[in-house]
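Each value in this text was obtained by applying a stated rule to the coordinates, not by laboratory testing. Keep in mind that what you see is a predicted model, and the values were worked out from it rather than measured. Quick reminder, even Gly has a Cβ in these numbers, built from the backbone with ideal geometry, and neighbours come from all protein chains shown.
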Ligand SMILES: *Cc1c(COP(=O)(O)O)cnc(C)c1O
C-alpha cells in the first residue's frame with residue numbers, strides 16, 4: 001500500500017528564502033511602515049504598467065473604493081458591475097454611497113456580458129467595474145468603446161489579472177483605472193495589499209490623500225487635511241514581500257499556464273460531452289491562469305462533490321456565489337432569477353488546485369479524482 005498522498009490545497013503562495021531575508025531586513029531596519037520599500041515597489045509596478053502612475057494600498061478592495069472616489073462617484077450615481085465576483089467588487093460601490101447595478105455574465109468567459117451592458121445604462125450611470133475573472137480579460141475594445149460612447153469611467157477590477165494581456169498589451173498598461181490585489185491567493189502577493197494604476201499625477205496625489213486621512217504635509221511641521229481619507233497605506237514589510245514576488249511573476253505565470261495546459265490534456269477533448277461539466281476557455285494568449293474552474297453539471301450537488309474530493313485529500317474553492325443573492329443585496333431589492341447565468345455558475349462552479357509549486361503529477365491526481373467523483377453522481 002502506498003501512503004496517503006499529501007493534502008493538496010486549491011492554492012498556496014510561493015515564498016523564497018531571499019524574500020524572507022528581505023522581510024527580516026525591514027524588521028531590523030527600524031522603519032516598518034510605508035517607506036523606501038513601498039517607493040521601490042511602486043516604481044517597479046509603474047515600470048511594469050508602461051510608466052503609468054501606480055500607488056499601493058493595504059488591500060485590493062480599498063484600491064477600487066479610492067478609484068471611485070477619485071472619479072467623484074457617490075450618492076445618486078449608479079455603477080454597473082458583475083454579480084460574479086468577490087463581494088468586494090459591489091460592496092465598494094455601496095461604500096461610496098452610489099448604487100450597484102448588475103449585468104449578467106457570459107456563460108463561457110464568466111465575465112460581465114458586454115452585449116447586455118448597454119441596456120443597463122441610465123442617465124445616472126457614472127462608471128463600470130468589470131472583472132477580469134480568473135485573469136481572462138474582458139473584451140477591452142468593446143468595453144472601452146461602450147465607456148467612451150456613454151462617457152463612463154472604468155475601474156477595472158484586475159485583482160486576478162496581473163500579467164494578463166489584451167492583444168499583446170498588459171492589463172493595467174492602458175485604459176482607465178486598473179485595480180490589482182496582492183491578497184495571498186493572487187498570482188503575486190504581499191500577504192494583504194493592492195495597487196491602483198492611475199491616469200496622471202493629479203489622480204495619484206488624490207489617491208495619496210485618500211490613502212492616509214486626507215493629510216497633506218509641507219515643510220517640517222506643516223499639515224492640512226483637505227478630504228476625508230482613510231488608513232489604507234501599505235507597510236514596508238508587505239512591500240518587501242511584493243518586491244520578492246515581482247522578480248518571479250513571469251516564472252509563476254508561465255508555470256500556471258503550463259499546469260493549466262496539462263489540465264486540458266488530462267481532461268481530454270471529450271470531458272465536457274461525456275460528463276456534462278464545463279471546462280474554462282482555453283486561452284493561452286491573454287490569461288494569466290489565476291484559477292482553473294470547472295462548472296459541475298446540474299445533477300451534482302457542489303457541497304457533496306467538494307466533500308468527496310476533500311475525503312481524497314484535495315481542497316477545492318468556489319469562485320463565486322452570485323453577489324445579488326446575499327442578504328445585504330436582497331435587502332436592496334435583488335432576487336433570484338434576475339441574473340440566471342451568474343446564479344447557475346455561482347451554484348455549480350468549483351476551483352481546482354492551481355499554484356506555481358504544484359507538479360504535473362498533482363494535476364493528474366486531481367483529474368483522476370474529479371472524473372471518479374463525477375461518475376458517482
Ligand atoms: C481578491 C479580489 C478582490 C479583493 O481584493 P483584496 O485584496 O482581498 O481586498 C476583489 N475582486 C476580485 C475579483 C478579487 O479576486
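How far is helix 360-375 tilted off the main Cα axis of the chain, in degrees rounded to 10, range 0 to 90?
60 degrees
On a 0 to 90 degree scale, rounded to 10, what angle separates helix 236-246 from the longest Cα axis of the chain?
Roughly 50 degrees between the two axes.
Using the alpha carbon gyration tensor of the chain, what are the three equivalent-ellipsoid semi-axes (square root of 5 times each eigenvalue), largest first, in whole Å?
The answer is 35, 27, 17 Å, longest axis first.
Which residues does the label zone of residue 250 cover in the stretch 36-68, counting backbone N under 13 Å from a point 7 Å along Cα→Cβ?
Under cut-off, by backbone N: 48.
At 7 Å along Cα-to-Cβ for each site, give me the label-to-label distance between residue 225 and residue 12 in nm.
Roughly 4.6 nm, to one decimal.
Taking the 0 to 90 degree range and rounding to the nearest ten, how far is the long axis of helix 140-149 tilted relative to the main principal axis of the chain, both from C-alpha atoms?
50 degrees
Sorted by packing (mean other beta-carbon atoms within 10 Å per residue), highest first, where do 40-48, 328-336, 153-161 land?
153-161, 40-48, 328-336
With the crude spin-label approximation of a point 7 Å out along Cα→Cβ, what separation in nm comes out for residue 328 versus residue 94?
Here the answer is 0.4 nm between the modelled labels.
Which peptide among 361-372, 170-181 comes first, and what is the full order, when sorted by highest mean count of other Cβ atoms within 10 Å?
Top of the packing list down: 170-181, 361-372.
Packing-wise, with mean Cβ within 10 Å as the measure, how do 82-91, 191-200 rank, highest first? Numbers along the way, then the final one.
Details: 82-91: 23.6, 191-200: 22.1.
Taking the mean over residues of other Cβ atoms within 10 Å, the ranking is 82-91, 191-200.
Could you give the length gained on full extension between residue 335 and residue 44, defined as 0.36 nm per residue of separation minus the Cα-Cα distance, in nm? Working shown, then result.
On the way: separation 291, 0.36 × 291 = 104.76 nm, distance 4.41 nm.
The span from residue 335 to residue 44 would gain 100.4 nm if fully extended.
Evaluate E = 1/(1 + (r/R0)^6) for residue 28 and residue 299, where r is the Cβ-Cβ distance and R0 equals 45 Å; express this FRET efficiency to the nearest 0.05.
On the way: r = 57 Å, r/R0 = 1.28.
Computed FRET efficiency for residue 28 and residue 299: 0.20.
Exposure proxy check: 234, 309, 189 ranked by fewest other beta carbons within 10 Å?
Lowest count first: 189, 309, 234.
Would you calculate, for the chain, the mean residue ellipticity at 222 nm contributed by helices, counting each DSSP H stretch of 4 or more residues as -39,500 (n - 2.57) and dividing by all residues, to the nearest 500? All intermediate terms of the calculation are to be shown ahead of the outcome.
Working: 14 runs with 142 residues, N = 377.
Per the formula, -11000 deg cm²/dmol.
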